[in-house]
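The values are calculated or read from the model by the stated rules, or taken from the named source; none is laboratory data. This is a predicted model, so every value here is computed, not measured. All Cβ positions, even for glycine, are placed from backbone atoms using ideal geometry, and neighbour counts span all protein chains on display. We work out accessible area using only protein heavy atoms, side chains counted, and drop any ligands, DNA or RNA first. Shrake-Rupley method; radii C 1.70, N 1.55, O 1.52, S 1.80 Å.
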Amino acid sequence: SYPLEEPFFVLATQNPIEQEGTYPLPEAQLDRFMFELWIDYPSEEEERQIVRATTGAALPEVRRVLDSQRIVELQRLVRRVPVSDKVIEYAVDLVRDTRPSQKAPDFVHRWVRWGAGPRASQYLILGAKTRAVLDGRYTPSVEDVRAVALPVLRHRIVTSFHAEADGVGTDEIVRRLLDGR
C-alpha cells in the first residue's frame, strides 16, 4: 500500500487512433472512473485560436487556481448538497434500466450484455450535485442527472453481439433510455 494525500485522483487518456502502448482496462476497473469524456476535433474557429496561441512567441502565464485543501473543501461541500428522493429515484431507475436482468426496455434486453452497477447511481447523483453547485443552485434536479448520464454510463454498459451486429453503441443505448424517461 502507498497512502496518497487527498485529493488524489486519476485522469487517463486514450487516443482512438494510437492505441499501441495503452492497456484496455477490464469493466470492473473502468467502473472506478466517474466519467468517460469524448473530446472531438475543435471547431474551425477553435482550431484557429489554438494555432494562434501555440505558434507565437508569447508564453502563457501559468498560475495556481486551487490548492489541495480548497479542492477537498469543495468536495465536502458537494457531498453536503441535499438531493430529493425524486432525483435519487430517477438516477437509480435509469441505472437499473441498463440491466437486462431487470425490468428493462426491450432494446436493452437485445443490445446489453451487462448493465451499470450501483456506483453509476452514486456518480449520477454526485455529478448532478456538482452541476447544480456550479450553476449556483442549492439542489440538483432530474435535468442535472440527465446532463451527466452519458459520461457516467457510457463506459459502464457492456454491449451484446446483437448491438455490434446492429451497429449500436453505448451512447445510443443511453440516449434511448433518456428519451424513454
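Of all residues in the stretch 137-147, at least one satisfies being under 12 Å from the mean Cα position of the chain (by Cα) and open to solvent by less than 20 Å² (accessible area, probe 1.4 Å).
Given the criteria modelled with pLDDT under 85, open to solvent by 100 Å² or more (accessible area, probe 1.4 Å), farther than 26 Å from Ser141 by Cα and within 18 Å of the chain's Cα centre (by Cα), does Leu25 qualify?
Numbers: modelled with pLDDT under 85: yes; open to solvent by 100 Å² or more (accessible area, probe 1.4 Å): no; farther than 26 Å from Ser141 by Cα: yes; within 18 Å of the chain's Cα centre (by Cα): yes.
Judged against the criteria, Leu25 is not a match.
Selection of the stretch 65-99 for residues being in a loop (DSSP other than H, G, I, E, B), of a type outside the set (A, V, I, L, M, F, W, C) and in contact (Cβ under 8 Å) with a residue 40 or more places away in the chain yields Pro82, Ser84, Asp97, Thr98. Tallying residues that are in a helix (DSSP H, G or I) and under 18 Å from the mean Cα position of the chain (by Cα) within the stretch 166-178 yields 9.
Take the conditions (1) at pLDDT 85 or above; (2) small (Gly, Ala, Ser); (3) part of a loop (DSSP other than H, G, I, E, B); Ala53 misses just one of them, which is (3).
If you filter the stretch 30-50 down to residues that are in a loop (DSSP other than H, G, I, E, B) and open to solvent by 100 Å² or more (accessible area, probe 1.4 Å), you find that the one that is farthest from Gln14 (Cα to Cα) is Arg32.
Can we say Asp31 is touching a residue at least 60 places away in the same chain (Cβ under 8 Å) and within 19 Å of Pro151 (Cα to Cα)? Don't jump to the end; show me each part of the working.
Working: touching a residue at least 60 places away in the same chain (Cβ under 8 Å): yes; within 19 Å of Pro151 (Cα to Cα): yes.
Yes, satisfied.
No other residue among Leu134, Leu150 is aliphatic (A, V, I, L, M), within 17 Å of the chain's Cα centre (by Cα) and within 20 Å of Arg32 (Cβ to Cβ) apart from Leu150.
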